[in-house]
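Quick notes on the structure that follows.
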Amino acid sequence: MDFLRLVMSRQSDRAYDKEHSVEPEKLERILEAARLAPSACNAQPWKFVVVTDRELSRKVGKAAAGLGMNKFAKDAPVHILVVEESANITSLLGGKVKDKHFPLIDVGIAASHIVLAAESEGLGSCILGWFDEKEIKQLTGIPASKRLLLDIIVGYPLKEKRKKIRKVKEKVISYNGYK
């Protein structure tokens, strides 16, 4: 699949086949794509906690379904929990000088790699930022001192592709200056 077609076909899926697990070889390729993501000063400020156990996955999904949000997460067979780790000294110093927290940018790039790799494997995905962080940390043994930034769910989607709705390019792209 060419890259633009891959990007156009990727969507946030919100219904998963809870009976069909993700094949380990597909999951390994997705995680390798995440591991190889670029990061500021090659800091790689992430840890991926992969939940594949059916019962634990259901519990993590329930913790992501708070306040009526993300109810579909309990049916996803895989949760890739993205934990922020310390950046290296070069990235930290550069971030101080430029007033940017590079690990957040880096994690966003890794998340893109995950969802695009999932799409290339014929899987659906959804990046969740709304979840009970404390509960998921307790369920998975993530230290309380760490920041759990994302829960990326992966599985076989139940619904067909939707038409992608985006702003027209003239509203989001300008050349040689901000217009």
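Of the residues Ala40, Ala118, Ala15, which exhibits the maximal mean-square fluctuation in a Gaussian network model of the chain defined by a 10 Å Cα contact cut-off?
Ala40
Along Cα→Cβ, 7 Å out, is where each label goes; now give me the distance between the ones at Lys159 and Ile109 in nm to one decimal.
Rounded to a tenth, the inter-label distance reads 3.2 nm.
Let me know the charge dipole size of the chain about its Cα centre in debye, to the nearest 20, where only the beta-carbon of Lys, Arg (+1) and Asp, Glu (-1) is charged.
Taking the Cα centre of the chain as origin, the dipole is about 860 debye.
Any idea of the accessible area per residue across the chain, 1.4 Å probe, to the nearest Å²? Walk me through the intermediate numbers first.
Numbers: 11080 Å² over 179 residues.
Result: 62 Å² per residue.
Three principal axis extents, largest first, for the C-alpha atoms of the chain, in Å?
Extents along the principal axes, in whole Å: 49, 41, 34.
DSSP H helices in the chain with Cα extent of 18 Å or more along the helix axis and mean Kyte-Doolittle hydropathy at least -0.5?
On the way: long enough: 102-120 (27 Å, 1.35).
The answer, listed by residue number, is 102-120.
So, R0 is 41 Å and r is the distance between the beta-carbons of Tyr178 and Arg35; what FRET efficiency does that work out to, to 0.05?
It comes to 0.70.
The values are calculated or read from the model by the stated rules, or taken from the named source; none is laboratory data. Because the structure is a prediction, the values reported are computed rather than measured. Don't worry about glycine lacking a Cβ; one is built from the backbone with ideal geometry, like all the others, and counts go over all protein chains shown. Keep in mind that these areas ignore ligands, DNA and RNA; they rest on the heavy atoms of the full protein, side chains included. Shrake-Rupley method; radii C 1.70, N 1.55, O 1.52, S 1.80 Å.
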